[in-house]
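A short worksheet on the structure shown next.
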Amino acid sequence: MTRPTSLNRRHVLAATLAGAALAASPLTFAQKPARVLRIGNQKGWLSILKGRGTLEKRLAPLGVSVTWTEFNAGPVQLEALNVGAIDFGDVGEAPPIFAQAAGAPLVYAGATVPRPRLEAVIVPKGSPIQTVLDLKGKKIAFNKGSNVQYLLVKLLEKNGLKYSDVQPIFLPPADARAAFEKGAVDAWIIWDPFLAAAQKTLEARLLADGTDIVNNRNYYFTSRDFATKNTDVLKIAIEEIDAIDTWISKNKAAAALELATVLGLDKSITEVYVGRAGYGTKPITRDILAEQQVIADTFFDLKLIPKKLNLLHAAPVDLR
């Protein structure tokens, strides 16, 4: 008798296991594999959606389950997307540009309406700085490569100043607040809810916000692979986020209280935040991608990204 080779033994074992699996669950191979939407979220609007459970209910008839992972910043979410750990998340204007420049398989899935009042330049309450022109030569704290850096560039440009006319001090929000409190910087350019907190607790004075300068949208992103295979899932996700936006716009007091709990802030701070936000989330359009293209070109000119980008390379698969 011929002695069985290791290859033959593996074939026999594989056949035995396959037969056992078929006997144990005869429908397994007839069923469509279950789908999962893995959401990476920051504390904020998506936290409210998570608490409602409405997205899970909408997706259940499609055989789609939902998982949630909380992150503390957009760039970390995008890194998770890049390594295949999540399928969907929320982020500001700047991080997806850096992610695309780094080669991430990023696709824009949705965008909020413009929310220019949610970012601003603030100065201490007793500061002699009264206008944007007074910022010339001054130390301004902000997070490098963020949406507020773009706001600063455009704000200076609108007032006849150049980026080189100010002294950028690159600091994350917590460190920037400490420097602002100590008087180590002359101004701070920051977004909500840090902006509202500084106004409420430090009596910081708003010098200029993004009105008539930038749109400051929030974006929802996915991966090219997920977008290609799950357009139905993404459509429902954007619809449910828009529904939360609609609810907040009509129930601002309740939303401020809920957001205060989520963020661990006093309600007086979230009331300011909720009160000046814009509401509505829709699918991506060519015009919205054109807005991002301008930001990407600006960052390239500032040498913040290594190459010019084509934002259409990050367009949804069903872009019209």
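The values are calculated or read from the model by the stated rules, or taken from the named source; none is laboratory data. This structure is a prediction, so every number in the text was calculated from the model and none was measured. Positions of Cβ are generated from backbone atoms using ideal geometry, with glycine treated the same way; all protein chains shown enter the neighbour counts. These accessible areas exclude ligands, DNA and RNA; they are computed on the full protein's heavy atoms, side chains included. Shrake-Rupley method; radii C 1.70, N 1.55, O 1.52, S 1.80 Å.
Descriptive notes on the structure:
- Surface accessible to a 1.4 Å probe, per residue, for the residues of the chain, Å²: 49
- MRE, 222 nm, helices only [DSSP H, n ≥ 4, -39500 (n - 2.57), over the chain, to nearest 500]: -13500 deg cm²/dmol
- The chain: angle of helix 147-158 to the longest principal axis, Cα-based, in degrees nearest 10: 40
- Looking at region 134-172, the trypsin sites (Lys or Arg not before Pro) that sit in a DSSP loop and have at most 12 other Cβ atoms within 10 Å of their own Cβ are Lys162.
- Helix 231-250 and the longest principal axis of the C-alpha atoms of the chain enclose an angle of approximately 40°.
- Relative to the longest principal axis of the Cα atoms of the chain, the long axis of helix 173-182 lies at roughly 20 degrees.
- Sum of side-chain charges, Glu203 neighbourhood, beta-carbon under 13 Å (Lys, Arg +1; Asp, Glu -1): +2
- DSSP-assigned coil residues among GluC sites (Glu not before Pro) in region 156-231, each with at most 15 further Cβ atoms within 10 Å: Glu203
- Volume per residue of the convex hull around the Cα atoms, evaluated for region 239-320, comes out as 146 Å³.
- A simple spin-label model places the labels of Lys43 and Lys303 3.8 nm from each other, with each point 7 Å out along Cα-to-Cβ.
- When the trypsin sites (Lys or Arg not before Pro) in region 217-307 are filtered for DSSP coil states and for at most 15 other beta-carbon atoms within 10 Å of their beta-carbon, the remaining sites are Lys303, Lys307.
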